[in-house]
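The values are calculated or read from the model by the stated rules, or taken from the named source; none is laboratory data. Remember, predicted model here, so these are calculated numbers, not experimental data. Neighbour counts run over all protein chains shown; Cβ positions are idealised from the backbone, glycine included.
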Amino acid sequence: MVVPALFKLEPKESLEELYDFEKELEELRRGYEDGRIVAVLGLRRMGKSSLLRSFLNSFSIPHVYIDARRVAVATGRATTRGFMEEVGRALAEFMRREAPLRDKLAEALRRVRGVSVGLSPVTVTLSWGRERADLISLMEAVDEVVGRAGRRLALAIDEAQELRGIGVDIPRRLAYIYDNLHNVVVFVSGSQVGLLYDVLKLDSPQSPLYGRAVFEVKMRRLRREEAVDFLKRGFQQAGIHVSQRELEEAVDSLDGIIGWLTYFGWSRVVGAKSLEEILDAAARQEAEEISRFLAKSRSEARYRAILKAVAARPMRWSEIKRVLEAEEGAAVDDRNLTDLLHRLEKVGLLEKREGLYAIPDPVVRLAVERYISTAPA
């Protein structure tokens, strides 16, 4: 069975594969034409990477695309070396796409300390040791070449929150690009809105980026009719009949989150028999990821208790405090509780609306209900 483009699990690469996000695409276009920094914000599985990649590819925008998730692939955590390797890979991909500029880009980059460029095949290697290549010098070289060609470059950093703690002052470098490199527009995306702001520190007066205008594009859940239409289109492409009732039940369960709707469609196409089977498989995957996150914290037991309580129903801060105190049989420090809730918000496991804390992702909520216990494993 051929999986249709709409149900591909990997990020989409073109508008032909992307569902109708005309408003968001128009906002990206405006940000590219009129802005200097564009932030694509949203929860996990809301389609940020697909939107950004499809926009850059389909409108033939010159771009250097840095996937911050790749920075941690080799060592399991983000490092300076991993960052330099990813930047080099992204620059090489840019040169392969932009054949008319290739020789001039190679010449400009070779003048930058710590940079080695090959053309057969195209490679860009950045030193990360004592003679470390600098992102600013690299972008100055690229800015000069694209500017002379009358073009505007998009420097895209996907999942920017993954760059926390790599030893590279990202806000200072982006502020320099903002102020000085007028042929470069920076795009940053992040799954966790809080962590994105931790990386860029947009709300801190001490941040080099404080006060700079940032053009925000916020991802959204699909409306009910859109979600049903998305599934219908995908199943029509696959030549599979799925009843209206099943479509509506899936939309009710997955709450317009396009990543989960895509997972449902892919699962049905490859042979899953029921919505419950698909939901349970997704919940097990999420539970494993949540458990890995919790295991890294000294507050694992409290995180588990908070998530279990809020999975049952949305709660106010005072209600969560009472649950924790009943669980532990002792008073809980107010500031500590606030910090814990803030951290869970940053990683996207909680969301606060109208004074109530809730788990915004229905599959995560199901994972906590079924597979996360209050006691650490």
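Summary table
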| read-out | value |
| --- | --- |
| Unique match (being at pLDDT below 85 and either over 24 Å from the mean Cα position of the chain (by Cα) or at positive phi (or both)) among GLY211, GLY167, GLY150 | GLY167 |
| Candidate set from the range 41-51 (those that are under 14 Å from ILE258 (Cβ atoms) and hydrophobic (A, V, I, L, M, F, W, C)); member that is surrounded by the fewest Cβ atoms within 10 Å (Cβ to Cβ) | LEU43 |
| Selection status of LEU51, in a helix (DSSP H, G or I) and either farther than 25 Å from LEU163 by Cα or touching a strand residue (DSSP E or B) at 6+ places or on another chain (Cβ under 6 Å) (or both) | no |
| Residue in the range 155-169 that is farthest from PRO100 (Cα to Cα), counting only those that are crowded, with 22+ Cβ neighbours inside 10 Å and hydrophobic (A, V, I, L, M, F, W, C) | LEU163 |
| Residue in the range 85-97 that is closer than 19 Å to ILE61 by Cβ, touching a residue at least 60 places away in the same chain (Cβ under 8 Å) and among the basic types (Lys, Arg) present | no |
| The one condition in (1) assigned to a helix (DSSP H, G or I); (2) surrounded by fewer than 20 Cβ atoms within 10 Å (Cβ to Cβ) that THR374 fails to fulfil | (1) |
| Matching entry among ARG172, ARG102, ARG151 (being part of a helix (DSSP H, G or I), surrounded by fewer than 20 Cβ atoms within 10 Å (Cβ to Cβ) and touching a Pro at 6+ places or on another chain (Cβ under 8 Å)) | ARG172 |
| Output for the range 23-42, where each listed residue is among the aliphatic types (A, V, I, L, M), assigned to a helix (DSSP H, G or I) and touching a residue at least 40 places away in the same chain (Cβ under 8 Å) | LEU28 |
| Hits in the range 353-369 - residues which are surrounded by fewer than 14 Cβ atoms within 10 Å (Cβ to Cβ) and among the basic types (Lys, Arg) | ARG353 |
| Failed item, numbered, when ALA330 is tested on (1) outside the structural domain of VAL347 (by TED's automatic domain parsing); (2) without any contact (Cβ under 8 Å) to a residue 40 or more places away in the chain; (3) assigned to a loop (DSSP other than H, G, I, E, B) | (1) |
| Residue check, THR79 of a type outside the set (Phe, Trp, Tyr), modelled with pLDDT under 90 and either at positive phi or surrounded by fewer than 19 Cβ atoms within 10 Å (Cβ to Cβ) (or both) | yes |
